[in-house]
1. For region 463-482, state whether one or more residues are more than 30 Å from N401 (Cβ to Cβ) and either surrounded by 12 or more Cβ atoms within 10 Å (Cβ to Cβ) or in the same structural domain as V555 (by TED's automatic domain parsing) (or both).
2. Report, by residue number, each residue of region 484-493 that is loosely packed, with under 15 Cβ neighbours inside 10 Å and either among the hydrophobic types (A, V, I, L, M, F, W, C) or under 22 Å from I525 (Cβ atoms) (or both).
3. Those residues that are of a type outside the set (F, W, Y), under 15 Å from V107 (Cβ atoms) and not in a strand (DSSP E or B), I need them from region 56-85; list them, please.
4. Spot the failing condition for G92; the list is (1) in contact with a Ser or Thr (Cβ under 7 Å, 6 or more places away or on another chain); (2) surrounded by fewer than 18 Cβ atoms within 10 Å (Cβ to Cβ); (3) closer than 24 Å to F372 by Cβ, and only one is missed.
5. Being assigned to a strand (DSSP E or B) and over 23 Å from A538 (Cβ atoms) is true for just one of V517, V488, V417. Which residue is that?
6. From E446, E430, grab the single residue that is touching a Pro at 6+ places or on another chain (Cβ under 7 Å) and in the same structural domain as N258 (by TED's automatic domain parsing).
7. Write out, first by first residue and then by second, each pair whose Cβ atoms fall under 9 Å of each other, whose residues are 6+ apart or on separate chains, and whose first residue, in region 222-233, is on the phi > 0 side of the Ramachandran plot while the second is of a type outside the set (A, V, I, L, M, F, W, C).
8. Kindly check whether there is at least one residue in region 279-290 that is farther than 22 Å from Q386 by Cβ and small (G, A, S).
Amino acid sequence: MKKVLPKLLILILIVCLGTAFYILYEREFAYSSERSDLDALYGVTGEDDYPIILNDAFSDLHARKIDGACYMEYQTVREMFNERFYYGAADGVLVYCLAEDQIATEVNTKTWTDADGKVTTEEYMPAAEVDGTLYLALDFVQRFANFEYEAFEEPNRIRMYTEWPDQTTVVCEESTQIREFGGIKSLVVDDVEAGEELVVIQDLDDWIRVITPDAMIGYLESKTIGNFQEKKREPVTTYSEEEPSHLTMGGKVNMAWNAVSVEAGNDLIEGLMENTKSINVLAPTWLTVTDENGSVSDISSAKYVKWAHDRDIQVWAVLDNFNTGVVMSEFLATRETRGNVIDAALRAARTSGCDGINLDFESLGAEDGENFVQFVRELSIACRRQKLFLSIDNYVPYGFNDFYDLEEQAWYADYVVIMGYDEHFAGSGEPGSVASIGYVDYGITEAMKEVPAERLINGMPFYTRVWSSGPDGVDSFACGMADAQAFVQEHGLTVRWGNNEGQNYAEGEENGILYQVWLEDAESIGMKLAAAESYGIAGVAEWKLGMETPDIWDVIGEYVNR
């Protein structure tokens with residue numbers, strides 16, 4: 001027994017040391033075989049949820065499988081790929097406008113139509129609504145955007161590329177595993193086979209972060225890889241947005257708005273034009289939206305157009321929303337009602353023989369912005385197909401009216417017109433110029449950030465406001481040039497040139513009332529024309545015929561013919 005006991009103790013000691021060594025080895029040196037929870041790692045929230053690996057990086061984006069096809073939320077698609085996708089919630093129709101075509105599909109159907117009514121059927125629904133959320137099929141989106149994607153399962157995921165920089169690739173020299181983090185104890189993400197090519201995301205010396213061809217991302221020991229290569233990638237360019245062809249006048253535009261309120265008013269044009277010079281476009285106020293169904297009042301005149309054409313003057317019929325009883329939000333909300341207005345405008349153009357449409361929708365709210373821009377797109381397609389000019393009138397651009405989206409207007413319309421007046425108006429609350437030269441400069445320069453100069457027109461006023469300030473507050477009235485000059489003379493106001501305003505300023509007090517007039521005349525119009533010339537814009541427009549003095553036309557004629 002005395003001989004056996006030492007041997008037994010030695011054996012126990014060996015076992016204990018071996019066990020301790022094994023535990024120590026496992027703890028410090030053995031590779032963990034525990035697998036990662038891939039759904040949690042990738043952020044999968046349900047059986048139809050597909051997180052997106054975007055440009056070889058985890059993202060917050062998710063796609064969704066619906067009836068076997070991959071979809072992304074409508075707003076995300078607009079932000080990521082193309083904001084020209086337009087959804088009319090009021091009628092459940094998704095529309096995409098091209099240069100001369102528009103693609104439309106009703107939500108939760110497998111068909112779409114073009115502008116000619118041709119029907120195409122897909123194996124999937126281009127647009128699907130689930131639980132109140134609108135989704136667009138990625139295969140449909142690829143018709144109008146350049147990207148590539150591929151879906152995988154276990155876990156659900158999509159590998160998507162919207163950028164194509166060069167990649168560094170490596171080849172596994174032995175079968176191994178990629179892990180959540182750099183370290184042998186980190187959880188296993190995926191197995192990789194010898195010879196498999198991986199893309200390097202980040203090189204951390206001993207460990208390298210990689211992504212597999214099926215979008216599994218993890219860390220790999222540097223010692224297991226070799227054959228680093230730089231690979232050039234070809235970007236997806238299957239879709240190219242065709243810029244619309246734009247009609248142009250071939251020279252400076254000089255457009256005069258002609259306010260016509262009744263059909264008989266068309267007969268006054270000859271008298272209004274008697275002393276004018278160098279007008280090459282007349283814009284009569286002929287078409288007005290009269291109800292939410294898209295009805296349009298039409299006082300267009302073929303006789304008027306013939307008279308203008310005989311004098312080499314084009315006619316662009318004004319389409320406006322000046323009937324204040326119409327709720328614009330309702331008319332703009334559906335494709336049918338927008339189409340009613342467009343059909344009416346084109347019908348009037350065909351009947352009268354006019355050359356274009358001048359769109360003047362004012363006093364819209366920000367909530368109408370998207371619908372208004374869509375109306376512009378659809379109207380432009382109709383005009384382009386009929387070879388009609390389309391010009392669009394706009395306020396001087398500020399942040400509060402940027403929903404009019406001058407950049408998108410300029411893409412579709414032939415000309416964008418800035419109404420460079422109403423700097424001060426009846427409701428301003430303080431006297432001031434209708435269109436100081438600083439205001440004009442600002443309007444043109446801001447608009448040129450979004451509109452090509454060669455298709456930008458600046459509108460000038462043929463009117464001003466007579467301001468009165470007294471015990472009862474501030475008041476004003478608008479009047480034409482001749483009436484303003486007569487008021488100044490009648491009340492004996494003192495006139496001086498205002499350098500800051502770029503116009504003559506008249507002031508005087510009578511019976512405790514201070515009168516102020518910032519005059520529009522040949523000198524002020526000359527300043528505005530000089531600005532248009534210096535910026536190289538397409539031309540000018542004037543509101544409105546009949547409010548000017550004859551000497552104005554010599555100044556304008558010099559500008560147009562220069």
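1. yes
2. Taking region 484-493 and keeping what is loosely packed, with under 15 Cβ neighbours inside 10 Å, we get 486, 489-490, 492.
Of everything in region 484-493, those that are loosely packed, with under 15 Cβ neighbours inside 10 Å and either among the hydrophobic types (A, V, I, L, M, F, W, C) or under 22 Å from I525 (Cβ atoms) (or both) turn out to be A486, Q489.
3. Across region 56-85, the qualifying residues are D67, Q75, V77.
4. G92 satisfies all of (1) in contact with a Ser or Thr (Cβ under 7 Å, 6 or more places away or on another chain); (2) surrounded by fewer than 18 Cβ atoms within 10 Å (Cβ to Cβ); (3) closer than 24 Å to F372 by Cβ except (1).
5. Details: V488 fails: assigned to a strand (DSSP E or B); V417 fails: over 23 Å from A538 (Cβ atoms).
Within the list V517, V488, V417, the selection yields V517.
6. Answer to the check: E446.
7. Cβ pairs passing all conditions: N227/T169; N227/E173; N227/E197.
8. Among the residues of region 279-290, not one is farther than 22 Å from Q386 by Cβ and small (G, A, S), which makes the answer no.
The values are calculated or read from the model by the stated rules, or taken from the named source; none is laboratory data. Values in this document were obtained by computation on a predicted structure and should not be read as measured data. Quick reminder, even Gly has a Cβ in these numbers, built from the backbone with ideal geometry, and neighbours come from all protein chains shown.
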